[in-house]
Amino acid sequence: MESSVKSFQDSIGDGIGALRYERRGDGDRILVLLNMNTESLLMTIESGTILVSTDFDLVGQKVTGTVKIKGVEGIVIDFDS
């Protein structure tokens, strides 16, 4: 599978300490969100399913519009095609 990076940002908003990385390839879109801050963040996203999370209770959860990421948490989202 040949993939290409669509976008990469080292912060979202005004230096809030988050990383957002989106990867596309062969019709798949994956989003990685990392909150390196100690406080929770609310991030705007498209609809998808959480594939992996440092909070195991979130795995498999459907998300639409926004997702709340706890402090020092990371999640990987598969966008709905």
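The numbers here are math on the coordinates, done by the rules we state, and not lab data. Just so it is clear, the model here is predicted, and its values are computed rather than measured. Cβ placement follows ideal geometry from the backbone for every residue including glycine, while neighbour counts extend to all protein chains displayed.
How much net charge surrounds Val72 when only other residues with a Cβ under 15 Å from its Cβ are counted (Lys, Arg +1; Asp, Glu -1)? Net local charge, Val72 excluded: -1. Near Ser47, once Lys and Arg are set to +1 and Asp and Glu to -1 for all other residues with Cβ below 14 Å from its Cβ, the sum equals -1. Shown in residue order for the stretch 57-67 are the 3J(HN,Hα) couplings computed by the Karplus curve 6.51 cos²θ - 1.76 cosθ + 1.60 at θ = phi - 60°: 5, 8, 4, x, 6, 7, 10, 9, x, 9, 9 Hz (x for Gly and Pro).
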